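The structure under discussion appears below in the form of structure tokens.
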Amino acid sequence: MSDVKRKVIDLLKTPQLSSLATMTLDGKPWARYVMISSDENFNIRSAVCLESRKVKQIEKNPEVHLTFGINDPRDMDKPYVQIQGTASITTDQQEKNRYWFEMLSAVFSGPEDPNYALMLIRPYRVEFNSPGSMAPEVWEK
């Protein structure tokens, strides 16, 4: 496994606040905050409401972009990550149960909530930006 990929997987062992960009139905970029995490196979997940705009946007165009790492301007000594990937939506109950964590209960009634689904992101390009470096470390599939 590449060093860049390992660094990102390690960062995503705990949920991270991330900016997710998609393309609107009329072809314009749209970004919003999401919570993401990854498994050891570099499958990135985020909870979604089935009725949300992002689900419709991903169904039309699965290309997405994530940025995460620095959530406070006083933390400029931390790395940040940019990820390009393709997204899909799943309502598989085993996936939903595996991803579920208590913070989601503020939005969903539980892992069986019919509006609860998961966005699965499969990265194909990652840029890992370290503090003090002008050039990112890059991983590509």
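Can you say whether Ser133 is closer than 22 Å to Lys7 by Cβ and either among the aromatic types (Phe, Trp, Tyr) or assigned to a loop (DSSP other than H, G, I, E, B) (or both), as far as the supplied structure shows?
Considered against the rule, which asks whether it is closer than 22 Å to Lys7 by Cβ and either among the aromatic types (Phe, Trp, Tyr) or assigned to a loop (DSSP other than H, G, I, E, B) (or both), Ser133 comes out as yes.
Among residues belonging to segment 79-130 that are in contact with a strand residue (DSSP E or B) (Cβ under 8 Å, 6 or more places away or on another chain) and assigned to a helix (DSSP H, G or I), point out the one that is nearest to Arg6 (Cα to Cα).
That would be Tyr99.
Do any residues in segment 78-96 that are more than 15 Å from Ile121 (Cβ to Cβ) have Cβ atoms under 7 Å from those of residues that are aromatic (Phe, Trp, Tyr), where the two are at least six apart or on different chains, and which pairs are they?
Pro79/Phe128; Tyr80/Phe68; Lys96/Tyr116
Could you say which residue among Asp39, Asp26 is in contact with a strand residue (DSSP E or B) (Cβ under 9 Å, 6 or more places away or on another chain) and among the acidic types (Asp, Glu)?
Asp39
Being of a type in the set (A, V, I, L, M, F, W, C) and exposed (fewer than 15 other Cβ atoms within 10 Å of the Cβ) is the filter here, so list the residues in segment 22-64 that pass it.
Listed by number, the residues that qualify are Leu25, Trp30, Ala31, Cys49, Leu50.
Could you check segment 65-77 and list, in sequence order, the residues that are in contact (Cβ under 8 Å) with a residue 24 or more places away in the chain and either surrounded by 11 or more Cβ atoms within 10 Å (Cβ to Cβ) or assigned to a strand (DSSP E or B) (or both)?
The answer is His65, Leu66, Thr67, Phe68, Gly69, Asn71.
Only the coordinates and a few stated rules stand behind these numbers; no lab work does. From a predicted model like this one, the values you see are computed outputs, not experimental measurements. Every residue, glycine among them, receives a Cβ derived from its backbone with ideal geometry; neighbour counts consider all protein chains shown.
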